[in-house]
Amino acid sequence: TIISCTLGVIFYAIFLVRFMIKINDTTLHLDLIVAIGNDGLIGRDGDLPWRCDKDLAWFKRKTTNTVCVVGYTTYQSIKHLKNRHFIVLTSNPTKVNYPSIGVSTLTEAYKQAYLKIKELQLIPRIMIIGGKSVYLQALDRGDVDTLFITHITNECTGDTYLPMDKYVPKYARVHSES
């Protein structure tokens, strides 16, 4: 059962104290956006374990007209979204169809994102949008500048968890919206 979420949503923006990634002459901001339950829940069967219109609107506002780095499974569930440029991290980059770009490493994803930002003259911001393995790679490398977190307080069930409590103490300022 998908939980319909009308109450119990808190939005956070957590800002990291670190230098941005620089490629050639461009400083890139790397932001991560995730909706997460009380116990670290982020997914069920390759999709979200809840339906939350406020979170979807927040996600749309933060990711529209940006370059998004995403894992293949998550990409399969969101590739229909308009006005986003997907760099897909996968073990088989040839299975990703144009205009999305398939890559096999996070470093290559950042390079391809940089090229897409330059080509389209976008704001130099890369959004990391999931799934779990992409989140963990970026967080473990210390690449993320800002975490955009939707905290879902409703009880839900699922099969994919992200240990955000391991990473959040590294961040300096927290901005919350309800």
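Observations, loosely collected:
- Within the range 114-136, residues that are more than 24 Å from K166 (Cα to Cα) have Cβ atoms under 7 Å from residues that are open to solvent by 20 Å² or more (accessible area, probe 1.4 Å) and assigned to a loop (DSSP other than H, G, I, E, B) in these pairs: I117/P124; L122/N65, counting only partners at least 6 apart in sequence or on another chain.
- Residue match in the range 91-99 (condition: touching a helix residue (DSSP H, G or I) at 6+ places or on another chain (Cβ under 7 Å) and either of a type in the set (A, V, I, L, M, F, W, C) or under 12 Å from C68 (Cα atoms) (or both)): no
- When I78, I10, I21, I42 are checked against the criterion of being within 23 Å of S100 (Cβ to Cβ), at pLDDT below 90 and open to solvent by less than 60 Å² (accessible area, probe 1.4 Å), I21 stands alone in meeting it.
- Every residue from the range 124-170 that is aromatic (F, W, Y), closer than 23 Å to S77 by Cα and touching a helix residue (DSSP H, G or I) at 6+ places or on another chain (Cβ under 7 Å): F148
- Criterion applied to L56, L48 was being open to solvent by 40 Å² or more (accessible area, probe 1.4 Å), among the hydrophobic types (A, V, I, L, M, F, W, C) and either in contact with a strand residue (DSSP E or B) (Cβ under 6 Å, 6 or more places away or on another chain) or under 21 Å from L136 (Cα atoms) (or both), and the one residue passing it is L48.
- The range 55-68 residues that are touching a residue at least 24 places away in the same chain (Cβ under 8 Å), paired with ones that are part of a loop (DSSP other than H, G, I, E, B) and open to solvent by 40 Å² or more (accessible area, probe 1.4 Å) (beta carbon under 6 Å, 6 or more apart): N65/N83
- Among residues of the range 33-84, those that are in a loop (DSSP other than H, G, I, E, B) and under 30 Å from E119 (Cβ atoms), counted: 7
- Note on the range 63-73: residues that are open to solvent by 30 Å² or more (accessible area, probe 1.4 Å) and either under 14 Å from G130 (Cα atoms) or among the small types (G, A, S) (or both) total 2.
The values are calculated or read from the model by the stated rules, or taken from the named source; none is laboratory data. Computed from a predicted structure; not experimentally measured. No Cβ is skipped: glycine too gets one built from the backbone with ideal geometry, and neighbour counts run over all protein chains shown. The protein model used for the area step is the full one, side chains on, heavy atoms only, and it has no ligands, DNA or RNA in it. Shrake-Rupley method; radii C 1.70, N 1.55, O 1.52, S 1.80 Å.
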